[in-house]
Amino acid sequence: MYALYYQPFACSYAVHIALEKTGQPFELHKVNLRNGEQQSEAFLALNPQGQVPVLQYADETLTQAGAILLRLSERHPEAALMPEPSSPLRSTALQMLFYISSTLHPAFSMLFYPERIAASARDEVKSKALEKIQLQLSHLERRLGQHTYCAGEQVFAPDYLLLAILNWCRLFQISLSSFPNIKRFLADMNERAEVKKALATELQEMAA
Ligand SMILES: N[C@@H](CCC(=O)N[C@@H](CS)C(=O)NCC(=O)O)C(=O)O
C-alpha cells in the first residue's frame, strides 16, 4: 500500500491525483506546513529537505514530485501517467515535467517563502517572483493555445503538477483574466474524475 505525506493543495496534490488515477490503495498522512511540522524530527527522518510530497511503498521512500510521478508511471503503466517510452510524446511530457518542477514551481516558492531568499527584502523578492510568474504564465498561455494539455491532446502526469501549481494563482490573487487558455486548461482538469476525487478529499482535510 502507498503512503503519501502531503499538505492539502501543496504540490503533493499532483501525486494524490496520480494515485487516484492508478486505482491503487493508498493512505494519506497530512503534514501541517503552516505550523512547521515539516521540520519535526519524525518528518525530517523521512525527508531531510523538510518538504512534501513523500511517497512510501514497499521498502522505498521517495521525494521530489517529478520523480514520484515518473516512478508511479513506471509501476502502473496501465494508468498511462506518461506516454510510453517509444512514443514521440514522451520527450515533450518529460520536458514539461522538468520545466514545471524546476522553473515554474521555484518561482512560486519565492512567493511562499521570500525570507529564504532575502529576509530583509521580502517585498522586493515577492515582486521579482510575480514578474517571473507572469513571464511563465505567458509562456504557458502560448503553449496551451497550441495543445489542449502539456504534451498534446491527452492528460499525463505533468498536467497534474501544472494544475497543482497553477491553483496557487488564486491563493496569491494572480489574475488569469488575460490567460484564457490557462483558464480553459484548469476548468478541463477540474472536470476529471481523478481530480474531483482528490479535490473532495483535500477540501475535507483542509477544513478538518
Ligand atoms: N523540489 C521539490 C519541492 C517540494 C516543495 O517545495 N514542497 C513544498 C510544498 S509545495 C513544501 O513542502 N514546503 C515546505 C517548506 O519548504 O518548508 C518537489 O518538487 O517535490
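Assorted remarks:
- Selection from region 15-39 of residues that are in a loop (DSSP other than H, G, I, E, B), more than 10 Å from the ligand (Cβ to nearest atom) and surrounded by 14 or more Cβ atoms within 10 Å (Cβ to Cβ): Q24
- Condition check for L144: modelled with pLDDT of 95 or more, buried (at least 16 other Cβ atoms within 10 Å of the Cβ), in contact with a Lys or Arg (Cβ under 8 Å, 6 or more places away or on another chain) and not acidic (D, E): yes
- Residue within region 65-78 that is assigned to a helix (DSSP H, G or I), within 15 Å of the ligand (Cβ to nearest atom), more than 18 Å from the chain's Cα centre (by Cα) and touching a residue at least 24 places away in the same chain (Cβ under 8 Å) present: no
- Some residue of region 140-152 being in a helix (DSSP H, G or I) and touching a His at 6+ places or on another chain (Cβ under 9 Å): no
- From the list P25, P53, the one residue that fits, being under 16 Å from the mean Cα position of the chain (by Cα) and not assigned by TED's automatic domain parsing to the domain that holds D159, is P53.
- For D123, the conditions (1) in a loop (DSSP other than H, G, I, E, B); (2) free of Cβ contacts under 8 Å to residues at least 12 places away in the same chain all hold with the exception of (1).
The values are calculated or read from the model by the stated rules, or taken from the named source; none is laboratory data. Computed from a predicted model, the values in this text were never measured in an experiment. We place every Cβ from the backbone using ideal geometry, glycine too, and count neighbours over all the protein chains shown.
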